[in-house]
């Protein structure tokens, strides 16, 4: 039986810490839209019309759905994690996945994420 | 051996670290725990024998059965008893609206300005749940039947508050609710009690034992449906409508056989292709047209017509993809109860883009017009107008504002069609305070009352305006489909207008539409009202007070702090010559905030019963 070297354990701990920490987020398609005012505006319009009615409000309010412009993310705050959550939904909640139903497909969802990023609080 | 042991220890350590790693980085929903408000499913039922409380109350149980002889021996509730006007007896409170007129006018004369000082606390009962305690209890045979948020159904001794039986409806975790876990009451017929549920079911119980008799699914809740209203009992049918206007459902209301639970008919509130009214929806927008039917209707046994109201077209704040009047949203429908067929309709808000559901409380009243008495429906609509409609044929009689702030419409055409203020349409960059806001002037979640002797209807009013922002939306079944949002600004410092939200009880002369008096309150009024023949109006405030008003002047003659904000519908009953008033407190912060009200008072429900000793 091959034994695990103590050094392997020592190396693993930083990996674990790095994996759990804020880290550097890889660029996403949302970043491409950040400098495109029309794209951010479309993302805003979709957010207002689809997400903000009784759920993810534009300002912090007493409501059961989470506020999406602060630094706290229940299901992951990277662009790709947000993309996955919106696409697939959150089991056992009323957050149903939107799948591929955006009018212009994935591009629209990346524009929504670009809108979120452009209005997000600065997080340390 | 030692190596093997060390290896095992290290592997275990790795496994532990990996577990910590995965646990620490996994999404929150994977660390599931039951909601404190959602009782765990249990197959068992317990028998409740009064004194044996400690043995009977087991935490995992959701259903407590009674085996004692209870009640005063009044017998089963008949159709004749339901048809009898409430003025005949103040002993019971048989229906959500008191009787079929929906007037909530108790004939108890000792509930008067002269006796009000003797109205004192008698007993209380907790809901054990959060969210709005919106109930209008029913009382029959000396027993009170109470529902709470999250669908607890409880039978109590109406004299003492002793619990006879209790049922906690097991709820799924992913309910489709726009506006809180409300239930507004149960209904009664024969020896059965009926309750509709947040997960879109309708259930029947034995009124003595609390045993469940039948349980019917109205529709799959996860498609965007819920039920919050008390069913309306007509003949041998239990009528119930659904919520879901914010989810793009196709609205409807149903009739269920009270003995079997089988559905007898369904009335869709949005026409299918080829049906009358289909032409009022552009494209295929009728498929997701909303028009929910989430509040209770009323029944005229002489005309043999049921009146049911409908809510907003979907999506709420963007009508671009549903051009047209969007029939039969925001309407009142007259229905043949035997067939479910529509006889006539009247639409309050054609092509609604403000979320002005037509579901406010309907009253049946006899109007005096030019020396003639007209059988009418009167209603303080969510859009801010107080309507009078001929209930025999649906003809528009009159509409006048009952609010102090109404600006979405400039006037009312003689035909009964509002003239819309073009500046009050939702936009992508809204700047105008639109009045009323999305909760309306009077919301359908609360009941009004009407005193036919004074010719006044007592309306709880929300004076809270909002910006209305339009956006793009797409329909995904079970998801919100709103097309925009209302933005609360009243009561928010430095916001547009910097105007505080407030409320009032308005006494509307339903023969003329004139306002006789207003009682002003610092918070929007979101509790129902109760009228008494002794000349009182009872209600509650979101500041947590029960209030008694002089019905002729609006002066406050009785005031008790209950604690939680009041969202319930007060009732009255008379037993052994003693008069009782029941009113529940317990608010839902989400809607309170939406209305611009104070949200600092904790949630939590409590029923209070007050009594005047004879």
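Please treat every number below as a calculation from the coordinates, not as lab data. This is a predicted model, so every value here is computed, not measured. Don't worry about glycine lacking a Cβ; one is built from the backbone with ideal geometry, like all the others, and counts go over all protein chains shown.
Summarising the label geometry, the points placed 7 Å from Cα in the beta-carbon direction at residue B:284 and residue B:411 lie 4.3 nm from one another.
Calculated on the Cα set of the range B:455-614, radius of gyration then Dmax: 18.2, 62 Å.
Computed from the alpha carbon atoms alone, the convex hull of the range B:192-285 holds 104 Å³ per residue.
Rounded if a/c is under 1.5, else prolate if a/b beats b/c, else oblate: with a ≥ b ≥ c from the C-alpha gyration tensor eigenvalues square-rooted, which is the range B:394-443? The partial results should precede the final answer.
Values: a/c = 2.47, a/b = 1.65, b/c = 1.49.
The shape class here is prolate.
Nearest 5 is fine: what % of DSSP beta bridges in the protein assembly as shown come out antiparallel, could you say? Write out the running numbers ahead of the final one.
Details: 133 of 140 bridges.
Close to 95 percent.
From the helices alone, meaning DSSP H stretches of at least four residues, give me the mean residue ellipticity at 222 nm for the protein assembly as shown, per-run term -39500 (n - 2.57), in deg cm²/dmol to the nearest 500. Kindly include the intermediate steps, with their values, before the conclusion.
Values: 9 runs with 93 residues, N = 738.
Roughly -3500 deg cm²/dmol at 222 nm, from the helical runs in the protein assembly as shown.
Using Cβ counts within 10 Å as a stand-in for footprinting exposure, how do B:260, B:147 rank, fewest first? Walk me through the numbers before you get to the answer.
Details: B:260 13, B:147 29.
Ranked by crowding around the Cβ, least crowded first: B:260, B:147.
Once you average over the residues of B:481-492, how many Cβ atoms of partner chains fall within 10 Å of each Cβ?
Numbers: counts 3, 8, 4, 6, 12, 3, 5, 3, 0, 0, 0, 1.
That average works out to 4.
Each label was represented as a point 7 Å from its Cα along the Cα-to-Cβ direction; for residue B:520 and residue B:157 these points are 4.6 nm apart.
Counting other beta carbons within 10 Å of each residue's own, what order do A:123, A:51, B:178 fall into, fewest first?
On the way: A:123 10, A:51 26, B:178 23.
So the residues, fewest neighbours to most, are A:123, B:178, A:51.
From a point 7 Å beyond the Cα of residue B:84 in the direction of its Cβ, which residues of the range B:552-588 have a backbone N at a distance under 19 Å? It comes to B:572-580, nothing else. Working from Cα pairs under 8 Å separated by at least six residues, relative contact order for the range B:477-564 is 16 percent.
Would you order B:239, B:156 from fewest to most other beta-carbon atoms within 10 Å of each residue's own beta-carbon? Don't skip to the answer; put the middle values down first.
Numbers: B:239 27, B:156 23.
Taking fewest neighbouring Cβ atoms as first place, the list is B:156, B:239.
FRET efficiency for the residue A:29 to residue B:302 pair, using the beta carbon distance and R₀ = 45 Å, is estimated at 0.10. Test of understanding: extend the Cα→C-beta vector of residue B:173 to 7 Å, then name every residue of the range A:90-124 with backbone N under 17 Å from that spot. In the range A:90-124, the label zone of residue B:173 (backbone N under 17 Å from the point 7 Å along Cα→Cβ) covers A:90-97. What shape does the range A:81-124 take by its C-alpha gyration tensor, where a ≥ b ≥ c are the square roots of the eigenvalues and a/c under 1.5 counts as rounded, a/b above b/c as prolate, and the rest as oblate? Oblate, since a/c reaches 1.5 and b/c is not below a/b.
With the highest mean first, a sort of the peptides B:288-297, B:212-221 on other beta-carbon atoms found within 10 angstrom per residue produces B:288-297, B:212-221.
Semi-axes of the equivalent ellipsoid of the range B:324-390 are 22, 17, 10 Å, computed as sqrt(5λ) over the eigenvalues of the C-alpha gyration tensor in descending order. When only Cα pairs below 8 angstrom with a gap of at least 6 residues are kept, the range A:29-118 shows a relative contact order of 42 percent.
Each 5 Å bin from zero up to the one holding the largest Cα-Cα distance in the range B:177-245 carries the following percent of pairs: 4, 18, 28, 25, 15, 7, 3, 0.
The eigenvalues of the Cα gyration tensor, multiplied by 5 and square-rooted, give the range A:29-118 an equivalent ellipsoid with semi-axes of 19, 15, 13 Å from largest to smallest.
Per-residue shielding of B:467-475, expressed as the average number of other chain Cβ atoms within 10 Å of the residue Cβ, stands at 6.
Express the relative contact order of the range B:119-271 as a whole percentage, based on alpha carbon pairs under 8 Å and six or more residues apart in sequence. Write out the running numbers ahead of the final one.
Working: 365 pairs, mean separation 23.8, N = 153.
RCO, the range B:119-271: 16 percent.
With N counted as the residues of the protein assembly as shown, its alpha-carbon radius of gyration over 2.2 N^0.38 Å works out to 1.01.
Summarised in one figure, the compactness ratio Rg/Rh of the range B:435-476, Cα atoms and Kirkwood Rh, is 1.23. For chain B, the alpha carbon convex hull comes to 183 Å³ per residue, rounded to a whole number.
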